[in-house]
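J.: Take this structure, written in structure tokens, and hold onto it; I'll ask about it next.
The values are calculated or read from the model by the stated rules, or taken from the named source; none is laboratory data. On a predicted model such as this, the values are computed, not experimentally measured, just so you know. Here the Cβ is made from the backbone with ideal geometry for all residues, glycine too, and neighbour counts use every protein chain on show.
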Amino acid sequence: MKRDVVTVDGQPYLKFESDGYTSLYISSLQNERLLVVKEMELSDPALRQTGSINNAHLYLQYVFLKSRTIVETPRPSVFSSLPVMVARTLYAARLLQNGGVSQPALDEFALVNGTVYTERRQALNQAGWLTPAVIGAPAISPPQSPRTPRP
């Protein structure tokens, strides 16, 4: 894991650890783990009609550990490192304050961004568009009603 400190205007802002693949672990300067940011992809048949090269939405999933809140944002198309992109997003949304996550800022961030990719994945799955081979993971199934045991 690569560990580093991100600074803003020359002042330490947050610490991150990268798994070297698709996840960043964001911590306070006091080493308290605050959130995990994962690069995600959603194959979407609607993109085939637009001529998209890879037929996929690339997005970032923010998992705030203490509140268990999940928020998704589009992955910026600018060629920049993931830690820099994430730090800019966190700073612009004023999410990190006083060594922790600001709950009012998190509430606003979640309201503005939501979980549109998860919702789209569930809609495609329910419509029968997604299979494990398409998304590279088990298909999401709607909850089943409890079954009554047979005598």
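J.: Among the residues of the range 1-56, write down those that are part of a strand (DSSP E or B), at pLDDT below 80 and loosely packed, with under 13 Cβ neighbours inside 10 Å.
T.: Within the range 1-56, Lys2, Arg3 qualify.
J.: Residues that are modelled with pLDDT of 85 or more: which helices (runs of 4 or more DSSP H) entirely in the range 73-151 hold 2 or more of them?
T.: By residue number, 82-92, 103-113, 116-126.
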